[in-house]
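Okay, so here's the structure we're looking at.
The values are calculated or read from the model by the stated rules, or taken from the named source; none is laboratory data. No experiment lies behind these values; they were computed from the predicted model shown. Note that each Cβ is placed from the backbone with ideal geometry, even for glycine, and that neighbours are counted across all protein chains shown.
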Amino acid sequence: MDVKPRGAWTTGTGDAESMLAEARKALFVMVGFLAFLWIVQIVNVADSYRLIGEFGIRSRSVSSLPDIFTAPFIHVSWTHIEANSGPLFIFGFLAAYRGVVRFLGLSMLVIIVSGFASWLTASAHSIGVGASGLVFGYLGYILVRGIFDRHLIDLIIGAVMALCFAYQFTVLVPHAGIGWQDHVGGLVAGVAGGWVFRDKARAKAARAAREARTPKAPAAAGAPATAPGKAVAPASGSRAAVQYTGPRADLHKELDDLGL
């Protein structure tokens, strides 16, 4: 892996074949995810939307804390799931195409943070459901990933997504009947995920390269100076222990033999 100096930016392409393989995985993951959401919606409709009351997040109800992990997969209407499906697929794919494993970790972080934000701050007796928290979590991650990884392409993708979906930010402020707490929590989790799931291998390699280039500290005061190409003998004075190196090694040896 090529390591750039500190502060350097890359296009983030790396191994194109490996990246394409991860992109295919990301595509399959998001298609499967959306298919699962729509199957749940069909079951929910067939069951007269009773899944909402059974698995939705009831604010500040201790018994409803496990529902944090089920609420993102349930929607209150066809309009609700339709509104979430497009942005969820786009943002989810862009968040996953550099690594599905990292994407799964990000998804868990967003589900927990956004769900807990809804559980803790939503209106009393309200029930929160929907994948909106994930939508904003993936969006937040996309916006900052290029900065933390110093990948120019990801930075451009984040800027384009922010411009194309700027209307999404209007639901971050309080609206009646909209779980904006879940949205804000998801966005915060996504931004935090950009740091947590940054390209640590590249950062570690870059740090090692910087340390290798860092000049060594000067010798302590009082330490004997060493002439270029010549090592100082130990304090015992044993001449046999003296080593001669460098292009003038022979000259230094002859001078020592002459006592100079």
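Okay, here's what the table says:
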{"item": "Filter result for the condition that a residue is over 24 Å from N44 (Cα atoms) and not in a strand (DSSP E or B), over G130, G92, G146", "result": "G146"}
{"item": "Qualifying positions in the range 187-202 - surrounded by 21 or more Cβ atoms within 10 Å (Cβ to Cβ) and either within 13 Å of I111 (Cα to Cα) or among the aliphatic types (A, V, I, L, M) (or both)", "result": "L187, A189, G190, G193"}
{"item": "Subset of the range 68-105 [closer than 21 Å to S18 by Cα and not hydrophobic (A, V, I, L, M, F, W, C)]", "result": "G92, Y97, R98, G99, R102, G105"}
{"item": "Verdict on D67 being among the acidic types (D, E), over 13 Å from D182 (Cα atoms), modelled with pLDDT of 95 or more and in contact with a helix residue (DSSP H, G or I) (Cβ under 7 Å, 6 or more places away or on another chain)", "result": "yes"}
{"item": "From L134, L187, residue being on the phi < 0 side of the Ramachandran plot, in the same structural domain as A35 (by TED's automatic domain parsing) and in contact with a Pro (Cβ under 7 Å, 6 or more places away or on another chain)", "result": "L134"}
{"item": "Residue under evaluation Y138, criteria (1) hydroxyl-bearing (S, T, Y); (2) under 15 Å from I68 (Cα atoms); (3) modelled with pLDDT of 95 or more, criterion not met", "result": "(2)"}
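The rows are residues; the columns are (1) outside any helix (DSSP H, G or I); (2) out of contact with any helix residue (DSSP H, G or I) (no Cβ under 6 Å at 6 or more places or on another chain); (3) among the aliphatic types (A, V, I, L, M); (4) surrounded by fewer than 21 Cβ atoms within 10 Å (Cβ to Cβ).
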{"position": "V110", "(1), (2), (3), (4)": "no, no, yes, no"}
{"position": "G115", "(1), (2), (3), (4)": "no, no, no, no"}
{"position": "W119", "(1), (2), (3), (4)": "no, yes, no, no"}
{"position": "V135", "(1), (2), (3), (4)": "no, no, yes, no"}
{"position": "Y141", "(1), (2), (3), (4)": "no, no, no, no"}
{"position": "I153", "(1), (2), (3), (4)": "no, yes, yes, yes"}
{"position": "V160", "(1), (2), (3), (4)": "no, yes, yes, yes"}
{"position": "L163", "(1), (2), (3), (4)": "no, yes, yes, yes"}
{"position": "Y167", "(1), (2), (3), (4)": "no, yes, no, yes"}
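Conditions (1) more than 12 Å from F73 (Cα to Cα); (2) part of a helix (DSSP H, G or I); (3) assigned by TED's automatic domain parsing to the domain that holds I178, marked per residue:
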{"residue": "E22", "(1), (2), (3)": "yes, yes, yes"}
{"residue": "F28", "(1), (2), (3)": "yes, yes, yes"}
{"residue": "A35", "(1), (2), (3)": "no, yes, yes"}
{"residue": "I39", "(1), (2), (3)": "no, yes, yes"}
{"residue": "N44", "(1), (2), (3)": "no, yes, yes"}
{"residue": "S48", "(1), (2), (3)": "yes, no, yes"}
